[in-house]
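Data first, discussion second: the structure below is written as structure tokens.
The values are calculated or read from the model by the stated rules, or taken from the named source; none is laboratory data. If you're wondering where the values come from, they're calculated on a predicted model, not measured in any experiment. In this analysis, Cβ positions are derived from the backbone assuming ideal geometry, glycine residues included, and neighbour counts consider all displayed protein chains.
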Amino acid sequence: MERDTRPIGWVKAARKGFEAFPKAVQDRIASALTIAAEGGKADIAKPLKGMGAGAFEISVRYRSDAFRAVYVTEIAGSLWVVHAFQKKSKVGIKTPEREIDLIHDRLKRLRDELMP
């Protein structure tokens, strides 16, 4: 049975952040994004609270660091990666507020550009 795979779009700054990640982290995130583009949800992807339906955060631990990528599934029929960053805080698992604000801003701009 053939799967209907949605295209994956990238906010330019998110792509730049992703490309700075270690190769092993890039591979895990790319795999999770492929699963999402095919209509599934990888085990390392969790709904991102406060962003509305269809917003997910991929979290990868690598050595002693944490890397995150945020994507949305409901914009113009595509999956969009809106943010990719290395989590700096060593306390707790919560996404830092400055990152949440940046994600909100990028989502708003993306929706304004792509949705009528």
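Here are some conditions: (1) touching a residue at least 60 places away in the same chain (Cβ under 8 Å); (2) more than 17 Å from residue 101 (Cα to Cα). Residue 84 meets all but one. Which one does it not meet? Every listed condition holds for residue 84 apart from (2).
When the residues of region 79-108 are filtered to those that are assigned to a strand (DSSP E or B) and modelled with pLDDT of 90 or more, the one that is farthest from residue 10 (Cα to Cα) is 86.
Restricting to region 2-56, and then to whatever is in contact with a Ser or Thr (Cβ under 9 Å, 6 or more places away or on another chain), within 13 Å of residue 74 (Cα to Cα) and touching a residue at least 24 places away in the same chain (Cβ under 8 Å), can you tell me which residue is surrounded by the most Cβ atoms within 10 Å (Cβ to Cβ)? Only one residue fits best here, namely 36. For region 1-38, the set of residues classified as farther than 16 Å from residue 57 by Cα, among the charged types (D, E, K, R) and at pLDDT 95 or above consists of 12, 16, 19, 23, listed by residue number. When residue 72 is tested against (1) at pLDDT 90 or above; (2) on the phi > 0 side of the Ramachandran plot, exactly one condition is not met: (2).
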